[in-house]
Amino acid sequence: MALCKFKEVMKPTAYLLPPRQRSIARFMNLSKTVKWAASMLGIQSGFNEDQQKAFDFLNSYKGLIRELGIVFEMVNVLLRILKNEGLCYGSIAACIEKCSLYNGPIYPKIERLICRIKDYLQGEKEKLPDSQTLWHVSSDVIESLFGLYKSRKASNSLHGVTPFALSLPLFTKTHRESSTIHCDFKQALESVFMANLKQWNTDNLIVNQVNRRIQAFKK
């Protein structure tokens, strides 16, 4: 795929190129890539000669693409159950039941994966104190919190973590009309000064790389 993108990027076939992979954790979030590959196999009958030549390599991986497609479909089904219902006896039983729908002799690797998932779920079930216990097992809230923080902080990676991190508690508001934190914002604005923020920065954060760069080039 990387070679295909390199060769076809400036050609008429460029509009069909696969989605960009992450620069960090490159092999995470491959579901979009697998979905693209499956879609390409579905429409390749309408390709012209140049398109057939550029993307013919996908035909060599039909089995793998199909197998990974089933894996991602199954995992998404299980995640939907666990994120919405939490970890409890009922959700574990529902997940194991869903796994049986994807089990079969066609893909031995999927069969082994299902066995590992079932063993993991049974192990987690044993940690639950009783049938009435419900544990929240989704990190989506935390990921959304830091995603919001990253979207608003400085785009220059050299800035690192700045005092803007102090805004994180404000993003945890859970309701449009009320907040889970009780803070007198007026009093805070009147009593906290830039000198306080600079001191907090000095006490808690590492040296800002942007400032070090500015000071270095001033010499």
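The values are calculated or read from the model by the stated rules, or taken from the named source; none is laboratory data. Given the structure is predicted, the values throughout are model-derived calculations rather than measurements. Cβ placement follows ideal geometry from the backbone for every residue including glycine, while neighbour counts extend to all protein chains displayed.
Checking every residue in region 14-32 against the condition of being assigned to a helix (DSSP H, G or I) and touching a Pro at 6+ places or on another chain (Cβ under 7 Å) gives at least one match. For region 12-65, a tally of residues being surrounded by fewer than 16 Cβ atoms within 10 Å (Cβ to Cβ) and β-branched (Val, Ile, Thr) returns 2.
Of all the numbered requirements in (1) of a type outside the set (Phe, Trp, Tyr); (2) touching a residue at least 40 places away in the same chain (Cβ under 8 Å); (3) under 30 Å from ASP203 (Cβ atoms), LEU134 misses one, and that requirement is (3). Do you know which residues across region 56-87 are hydrophobic (A, V, I, L, M, F, W, C) and touching a Phe, Trp or Tyr at 6+ places or on another chain (Cβ under 7 Å)? Listed by number, the residues that qualify are ILE70, MET74, LEU87. Within the option set GLU124, GLU73, being surrounded by 12 or more Cβ atoms within 10 Å (Cβ to Cβ), within 20 Å of the chain's Cα centre (by Cα) and at pLDDT 90 or above holds for one residue only, GLU73.
So that you can scan it fast, the table gives a plain yes or no per residue for (1) out of contact with any Leu (no Cβ under 6 Å at 6 or more places or on another chain); (2) assigned by TED's automatic domain parsing to the domain that holds PRO129; (3) at pLDDT below 90; (4) closer than 25 Å to GLU124 by Cβ:
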| site | (1), (2), (3), (4) |
| --- | --- |
| ALA38 | yes, yes, no, no |
| LYS53 | yes, yes, no, no |
| ASP56 | yes, yes, no, no |
| ILE65 | yes, yes, no, no |
| LYS83 | yes, yes, no, yes |
| CYS95 | no, yes, no, yes |
